[in-house]
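> Pasting a structure below so you can have a look.
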Amino acid sequence: MELVKGLKGTVRVRVRDEDTATAQGSGTVPVLSTPRLLAVLEAAAVAAVAGALDEGQTSVGTRVELDHVAATPVGMEVTATAELVGIEGRRLVFAVEARDAVEVIGRGTHERFIVDEARFLARVAQKKGARENG
């Protein structure tokens, strides 16, 4: 597969008690939390480019703009979609949207950067070592 605009990814999840704002500490109501919604939308973006990156490459999230516009109760399924709408060097831009069984619950943009996975993890390990030794 080639990395081109128009690639799409979809992820479906059923809202569980542990996905709620109450459980995640992002609010006091038992509905899908914004952090969990964001994670599902990111997963859709990852799915959109799965198989299109070169060997040894991965993408990391760097920016998100999200409007969480409707609440989703526990037990309802959420479908998140991401479409690759921009490629600028290593920067990937996705239009993201999530729906439950009734309506659109979130939409926005998400940016990811293509990185060499081994080099990225080596830098993380170096940072961890500096912290532990410093």
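The values are calculated or read from the model by the stated rules, or taken from the named source; none is laboratory data. Given the structure is predicted, the values throughout are model-derived calculations rather than measurements. Because the Cβ atoms are built from the backbone with ideal geometry, glycine has one as well, and the counts that use them run over all protein chains shown. Accessible surface is based on the protein model in full, side chains and every heavy atom, while ligands, DNA and RNA are left aside. Shrake-Rupley method; radii C 1.70, N 1.55, O 1.52, S 1.80 Å.
> For Leu7, what residues show an amide H to amide H distance below 5 Å, using hydrogens built from the backbone and excluding near sequence neighbours?
Under 5 Å from the amide H of Leu7: Leu84.
> With springs only between Cα atoms under 10 Å, which of Thr79, Thr34, Thr62 fluctuates most in a Gaussian network model of the chain?
With Cα springs under 10 Å in the chain, the top fluctuation among Thr79, Thr34, Thr62 is at Thr62.
> Please give the calculated 222 nm ellipticity per residue for the chain, where each DSSP H segment of at least 4 residues contributes -39500 (n - 2.57) and the sum is spread over every residue; nearest 500 deg cm²/dmol? If you can, show how the numbers build up before the last one.
Values: 3 runs with 37 residues, N = 134.
Dividing the helical sum by the residues of the chain leaves -8500 deg cm²/dmol.
> Report which label in (1) 16.0, 53; (2) 13.3, 37; (3) 16.7, 52 holds the value of Rg and Dmax of the Cα atoms in Å derived from the coordinates of this structure.
So the calculated entry is the one marked (3).
> Follow-up. At 1.4 Å probe size, with the rest of the protein present, what percent of the exposed accessible area of segment 45-134 is carbon and sulfur atoms?
Details: 2600 of 5280 Å².
Of the solvent-accessible surface of segment 45-134, carbon and sulfur hold 49 percent.
> Then there's this: Name the residues of segment 7-41 whose amide N is less than 13 Å from a point 7 angstrom out from the Cα of Ala101 along the C-beta direction?
14-15
> Compute the angle between helix 34-49 and the longest alpha-carbon principal axis of the chain, please, reported from 0 to 90 degrees and rounded to the nearest 10.
50
> Roughly what angle does helix 117-133 make with the longest principal axis of the chain, taking Cα atoms, 0 to 90 degrees, to the nearest 10?
90
> Extension gain Glu88-Val29, at 0.36 nm per residue separation less the Cα-Cα distance, in nm?
Going from the current span to full extension adds 17.3 nm.
> Now for a separate question. How large is ³J(HN,Hα) for each residue in segment 80-92, as worked out from phi by the Karplus curve 6.51 cos²θ - 1.76 cosθ + 1.60 (θ = phi - 60°), to whole Hz, x for Gly and Pro?
3J(HN,Hα) across segment 80-92, in whole Hz: 10, 10, 9, 10, 6, 10, x, 10, 10, x, 8, 8, 10.
> Of Leu53, Val31, Val15, which is farthest towards the positive pole of segment 12-118's charge dipole, taken about the Cα centre with +1 and -1 on the beta-carbons of Lys, Arg and Asp, Glu respectively?
Projecting each Cα onto the dipole axis, the largest value belongs to Val31.
> So if each residue of separation counts as 0.36 nm, and I subtract the Cα-Cα distance between Ala43 and Asn133, what length gain in nm does that give?
29.0 nm
> Treat every Asp and Glu Cβ in the chain as -1 and every Lys and Arg Cβ as +1, leave all other atoms uncharged, and give the resulting dipole magnitude about the Cα centre to the nearest 20 debye.
Details: 17 positive and 19 negative charges, 73 e Å.
Computed charge dipole of the chain: roughly 360 debye.
> In addition: May I ask for the distance between the Cα centers of segment 1-61 and segment 79-130, given as a whole number of Å?
Answer, in whole Å: 8.
> Next up: With springs only between Cα atoms under 10 Å, which of Gly108, Gly56, Gly86 fluctuates most in a Gaussian network model of the chain?
Most flexible of the set in this elastic network: Gly56.
> Quick one: length gained pulling Leu3 to Phe113 fully straight, 0.36 nm per residue minus the C-alpha distance?
38.3 nm
> Just to confirm a number: summing +1 for Lys and Arg and -1 for Asp and Glu over residues other than Ala48 whose beta-carbon lies under 10 angstrom from that of Ala48, what do you get?
So the surrounding residues net to +1.
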